[in-house]
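Trainee: Take a look at the following structure, please.
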Amino acid sequence: METRSAKKKRLLKTENETETGEDWISDLPDAVLHHILFLLPNKSIAQTSVLSKRWRSIWSSFPDLDFTTTTNSVGHFSSTIIKYSSTRKRVHSPLAQGMDFIIPVLALRDKNSDLRILRFCAQLSFSRLNSLIRCAVRRNVQELDIEVATDDYFNLPRCVTTCESLRVFKLKSRYPGFRLPPLSIMKSGFQSLHTLSLSLVILYQQSSLVDLFTASSFPLLKKLSLDACFGLKNLKVGCRGLEDLTLENCFQLNDLNILGGKLEKLHVASCFDAYSSNSLVKIEAPRLKIIRWEYNAITESSCLENLNSLHEASVGFFVLHDDITVAKRWSISNFLTGLSHVESLTLESQCVEILSKNKHFASVLNPFNKLKTLELCTGFNKHNIPALACLFRSSSNLHTLIIKIANDYKIERRQWNRELWDLSNSGEERYWDLQTQALKFFLHNLKVVKIQGFSECENDISLAKFLLKHGKVLEEMIICPGHYNSRDTHRRERIKSQMMEFSRASSNAKIAFQ
Amino acid sequence: MSSSLEKNMLILRSSDGEEFIVPEVVAVMSKAIKNMVEDECASNTIPVPNVDANILAMVIEFCKKHDESEAEAASDLKTFDSEFVNRGQEALYDLITAANFRDVKELLDALCQNVAEMIKGKSVHHIRIQFLGYQLFEILTSNFIWNIWCDRDFD
């Protein structure tokens, strides 16, 4: 092989009698050259246009224009916005230069070649944004990814909704936001859209999006993301093909209704109006695999139905007051009941806290029969212990238990000391020992325990001691110590060695300190 | 497929008449060949015009490696790719045309990546001399300065 190519090279050289190579790159087909250029940063691509006439035409028909690699970094961007919004005057910024780059590039393009991707991040006037979008739509753009800051609120250009080639549409306003066209226009448009992502939408005039994402509109939509929709109160999502839904920072949301036959992933964060007295959430998604529920205000009622394929769930709430109304307590227990088919569950610390402060849950918590992995984030104070015991009781088939302890220094936790060790039965230990019968199934299945943020106080050690003493099939206990000051090293070592001597129900249980 | 060949083997014939016996799974990494096989318009020997034996052997080597190591670590494959595409310019040209014409996506990706690496960060003069076969004096005497930032208005 080597010899052949070497021979060919020699022959070529003698034929041409030149030292430099032939212009082999320019002979490649357009599609291949576009492929090569696609792998370069936009600025280098533009530079190649001056190489020769051939390269100029390659550049002017290049379909993937990504100006985010040439314009400024996001850090630059946000600092400019602050300057911009405070002075309300056009400041000469790198951003403005970025715009000066985009417009001539589009103007110089080959009029007959289509655009595939247009992606930019800029600060510009609405009329300029509008003409950029119109220009892209005229060239049958397939992916439009825009991040802008404008002088004033603007309306989403209507030409986008009717664009037939558009597959991906992402519009993010940094400042001050944009409005949607009338719903009747939105509904009939976007016929070939796969992905829709909108950020900072002003919806005070149309606070109810109940009949926008219906089964008939958005026929091909797979991925939907709504972020910072101000004024959005009612949302109903029922698109037939939707697989992935993200909803973030909709603080006024009151009524959420999701009906997704193909929905697999749901992420809702920082949504719902905490002061509302009739908020509600209803989810029905038989194929849902992953649900992430973070920092959401507790709704007055919740109804999760048919979540039979659920694999992974993570639940956290935003709590305004410590005392939670009866309706909200029922809402939380309905929510958790809806998750009863889950295999891997994470409860954030606010959620564990709610369970701890309301005795009500001990009696109504549904069993999680399929649960294999449970992760709990908690401050692990004395009042949390009954809630933990209650959770353990409902997860009788658990395989892996992960406890993440966040140490709150304001609350004094009782230190483990020599005397307690000698007395052998502290209050916490006695409490756990009394639970042995109720936790029989749990203790017969638990194999792996991981405690993060472990400190040398009574609660932590008595739990570890209890699990070691009664965990019949325990294989591994991993202990990752939390923050400590170096003075304690000696004490820590002593407790470590004490822990190694705790009695174990399972002969092959290992303890590992990390 | 009524020859004495083992099952799932195909014969590829290069433009200069050399024949290669390859497993079908390897051959169908080329979309063009895959289409021929699926449409059953392929007899036991598939001609591969415009690709000589030398280049065809390289393409087959690449495809075999990728077929075998599907389960292997991706990093191993990456180093193999970068070594594989590190070749002289005319071999590169032939490989790219072969990969493009026969539609072998993985190979085309790796090759284009390599060319992009070669171009990346180089000045216009450098590219002209190294790849486009310009002579130094041509560059010195040319007035090729074409300003992309011309003041044409948008639309």
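The values are calculated or read from the model by the stated rules, or taken from the named source; none is laboratory data. Fair warning: this is a prediction, and the values are worked out from it, not measured in the lab. Here the Cβ positions follow ideal geometry from the backbone for every residue, glycine too, while neighbour counts run over all protein chains shown. Note: areas computed on protein heavy atoms with side chains; ligands, DNA, RNA excluded. Shrake-Rupley method; radii C 1.70, N 1.55, O 1.52, S 1.80 Å.
Trainee: Order the peptides A:454-464, A:366-376 from the highest to the lowest mean number of other Cβ atoms within 10 Å of their residues.
Mentor: Values: A:454-464: 21.5, A:366-376: 17.8.
Per-residue mean Cβ counts within 10 Å order the peptides as A:454-464, A:366-376.
Trainee: To the nearest hundred square angstrom, how large is the accessible surface buried between A and B, total for both chains, probe 1.4 angstrom? Please report the intermediate quantities before stating the final value.
Mentor: Working: alone 25420 and 10830 Å², together 32370 Å².
Between A and B, the summed buried area is about 3900 Å².
Trainee: Of A:Val237, A:Pro219, A:Trp293, which is farthest along the charge dipole of the stretch A:203-313 in the positive direction, counting Lys and Arg as +1 and Asp and Glu as -1 at C-beta?
Mentor: The residue sitting farthest along the positive end of the dipole is A:Pro219.
Trainee: Once phi is turned into θ = phi - 60°, what whole-Hz ³J(HN,Hα) does the Karplus curve with 6.51, -1.76 and 1.60 give for every residue of the stretch A:136-146, x standing for Gly and Pro?
Mentor: Ordered by residue, 3J(HN,Hα) equals 5, 5, 4, 8, 6, 4, 9, 10, 10, 10, 10 Hz.
Trainee: Which of the listed residues, A:Asn459, A:Asn366, A:Phe380, is farthest toward the dipole's positive end in the stretch A:343-514, when Lys, Arg count +1 and Asp, Glu count -1 at the beta-carbon?
Mentor: Highest projection toward the positive end goes to A:Asn366.
Trainee: Using only the heavy atoms of the protein chains and a 1.4 Å probe, how would A:Glu476, A:Glu300 rank by accessible area, largest first?
Mentor: Numbers: A:Glu476 65, A:Glu300 40 Å².
Reading off the accessible areas and sorting them downward yields A:Glu476, A:Glu300.
Trainee: Give me the accessible area of A:Leu39, 1.4 Å probe, in Å² rounded to the nearest 10.
Mentor: The accessible area of A:Leu39 comes to roughly 50 Å².
Trainee: Which value, in Å² rounded to 10, gives the accessible area of B:Ile119 with a 1.4 Å probe and all protein chains present?
Mentor: 10 Å²
Trainee: Could you tell me how far the Cα centroid of the stretch A:155-231 sits from the Cα centroid of the stretch A:128-154, in Å?
Mentor: 14 Å
Trainee: Using unit Cβ charges (K, R positive; D, E negative) and no other charged atoms, how large, in debye to the nearest 20, is the dipole of the stretch B:9-120 about its Cα centre? Kindly include the intermediate steps, with their values, before the conclusion.
Mentor: Values: 10 positive and 22 negative charges, 52 e Å.
I would put it at about 260 debye.
Trainee: According to a simple spin-label model (label point 7 Å from Cα along Cα-to-Cβ), what is the distance in nm between A:Ser57 and A:Thr489?
Mentor: 7.4 nm
Trainee: Show me A:54-62, B:77-85 ranked by packing, highest mean number of other Cβ atoms within 10 Å first.
Mentor: Numbers: A:54-62: 18.7, B:77-85: 15.2.
Top to bottom by mean Cβ count within 10 Å: A:54-62, B:77-85.
Trainee: On the protein heavy atoms, probe 1.4 angstrom, tell me the percent of accessible surface of the stretch A:343-514 carried by carbon and sulfur.
Mentor: Values: 4220 of 8230 Å².
Roughly 51 percent, rounded to a whole number.
Trainee: Mind ordering A:504-513, B:108-117 by average Cβ neighbours within 10 Å, highest first?
Mentor: Values: A:504-513: 13.5, B:108-117: 19.8.
Descending packing order for the listed peptides: B:108-117, A:504-513.
Trainee: Which sequence of A:Thr325, A:Thr378 reflects their accessible areas, 1.4 Å probe, from the largest down?
Mentor: Details: A:Thr325 75, A:Thr378 0 Å².
These residues rank, largest area first, as A:Thr325, A:Thr378.
Trainee: Right, here's the next one. What figure in square angstrom, to the nearest 10, would you give for the accessible area of A:Tyr431 with a 1.4 Å probe?
Mentor: Rounded to the nearest 10, that gives 70 Å².
Trainee: Here's a follow-up. In peptide A:50-60, how many Cβ atoms from other protein chains are near each Cβ within 10 Å, on average? Let's see the in-between values first.
Mentor: Working: counts 8, 10, 4, 1, 1, 4, 2, 0, 0, 1, 0.
Mean shielding count: 3.
Trainee: Net charge within 12 Å of A:Ser277 by Cβ-Cβ distance, Lys/Arg positive one each and Asp/Glu negative one each, not counting A:Ser277 itself?
Mentor: On the way: positive: A:Lys328; negative: A:Asp273, A:Glu300.
Neighbour charge sum, excluding A:Ser277 itself: -1.
Trainee: Here is a follow-up. Report relative contact order for the stretch B:9-120 in percent, whole number only (criteria: Cα-Cα under 8 Å, sequence separation at least 6). Don't skip to the end; give the middle numbers.
Mentor: Values: 112 pairs, mean separation 32.4, N = 112.
For the stretch B:9-120, the relative contact order is 29 percent.
Trainee: Just subtract the alpha-carbon distance of B:Asp67 and B:Glu90 from 0.36 nm times their residue separation and send over the number in nm, one decimal. All intermediate terms of the calculation are to be shown ahead of the outcome.
Mentor: Details: separation 23, 0.36 × 23 = 8.28 nm, distance 2.61 nm.
Using 0.36 nm per residue and subtracting the Cα-Cα distance, I get 5.7 nm.
Trainee: Need the full-extension length gain, A:Ser207 to A:Asn249, defined as separation in residues times 0.36 nm minus the C-alpha distance. One decimal, nm.
Mentor: Numbers: separation 42, 0.36 × 42 = 15.12 nm, distance 1.47 nm.
Residue separation times 0.36 nm, minus the Cα-Cα distance, leaves 13.6 nm.
Trainee: OK, next. Residues of B:123-133, mean number of Cβ from any other protein chain within 10 Å of their own Cβ, rounded to a whole number? Numbers along the way, then the final one.
Mentor: Working: counts 1, 6, 1, 0, 7, 6, 2, 3, 8, 11, 10.
Taking the mean over all residues of the peptide, I get 5.
Trainee: For B:112-119, what's the mean count of beta carbons from other chains sitting within 10 Å of each residue's beta carbon? Before the final figure, lay out each step's value.
Mentor: Values: counts 9, 3, 2, 9, 9, 3, 2, 10.
The per-residue average across the peptide is 6.
Trainee: Determine which residues of the stretch A:32-50 fall in the zone a paramagnetic label at B:Asn50 would reach in this model, i.e. backbone nitrogen under 19 Å from the point 7 Å along Cα→Cβ.
Mentor: Backbone N within reach: A:32-36.
Trainee: Separate question: Once phi is turned into θ = phi - 60°, what whole-Hz ³J(HN,Hα) does the Karplus curve with 6.51, -1.76 and 1.60 give for every residue of the stretch A:293-310, x standing for Gly and Pro?
Mentor: Taking θ as phi minus 60°, the curve returns 10, 10, 6, 8, 5, 6, 7, 5, 8, 9, 9, 10, 10, 6, 8, 7, 9, 4 Hz for the stretch A:293-310.
Trainee: Looking at this model, which pairs from B:Lys34/B:Lys122; B:Lys34/B:Lys65; A:Lys172/A:Lys265; A:Lys262/A:Lys282; A:Lys187/B:Lys31 are more than 28 angstrom apart at the alpha-carbon? Don't skip to the answer; put the middle values down first.
Mentor: Values: B:Lys34/B:Lys122 38 Å; B:Lys34/B:Lys65 18 Å; A:Lys172/A:Lys265 22 Å; A:Lys262/A:Lys282 16 Å; A:Lys187/B:Lys31 39 Å.
Table pairs above 28 Å Cα-Cα are B:Lys34/B:Lys122; A:Lys187/B:Lys31.
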